[in-house]
Amino acid sequence: MVAALRRYLEAALEWFVIFQMVVLTVVVIVAVLFRIYGNSLSWYDEIAAIQLSWITYYGAALAALKRRHIGFDSVLLSLPVNLRMAGVVLAEAFVIAFFAALAWTGWQVLQVLEGDMLVSLTWMPVQITQSVIPIGAVLFIICELLSVPDYWRATKDGKSLEHMEIEEEVETELQKAGAR
């Protein structure tokens, strides 16, 4: 069940981030074309900045799910097993605590922003655009927790997930070459 949830969440986040990137690209291209022809769009800067923040938050959750965020695996893996595993627990606790605080603070900010609208699109509530903070933080926590079991096993075995993935890809390619 956890593996299925992880696959579903990974696919959903990938498609959402791709969609946001495509929309951001279209918005910027359309804005440039309008500017070239002397009719600048008043809203594109604000929308592009919002989309970039959404790509950042949702992309960070995806990176957490895939364990692609910045880490110090080489330092961690150089420690004895007991210290290594204590380091994993401590690091995970810090990360989850930080994102829990970010989610809580983001929620409080949404309450303060109630009734505010965007400057250029006066019909769009700021709460919708800034909801990415608490939602992204909660998603990051979920993704981090879903990735912990594999990370725990790999770290306990003295391997980084990145090296394990490379080994799996090499093995798959070798099997394909052997089947030919």
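Structural remarks
- Sub-9 Å Cβ pairs linking a first residue in the range 22-38 that is under 17 Å from I50 (Cα atoms) to a second residue that is among the hydroxyl-bearing types (S, T, Y) and outside any loop (DSSP other than H, G, I, E, B), at least 6 apart or interchain, are V27/Y44; V28/Y44; V30/Y44; A31/Y44, ordered by first then second residue.
- Filter result (touching a residue at least 60 places away in the same chain (Cβ under 8 Å) and part of a helix (DSSP H, G or I)) within the range 64-102: A64, L65, K66, D73, S74, L76, L77, V81, R84, M85, V88
- Of the set (1) assigned to a loop (DSSP other than H, G, I, E, B); (2) farther than 16 Å from A154 by Cβ; (3) not aliphatic (A, V, I, L, M), all apply to Y57 but (1).
- There is no residue in the range 146-153 that is modelled with pLDDT under 85 and assigned to a helix (DSSP H, G or I).
The values are calculated or read from the model by the stated rules, or taken from the named source; none is laboratory data. Just so it is clear, the structure is predicted and the values come from calculations on it, not from any experiment. Neighbour counts run over all protein chains shown; Cβ positions are idealised from the backbone, glycine included.
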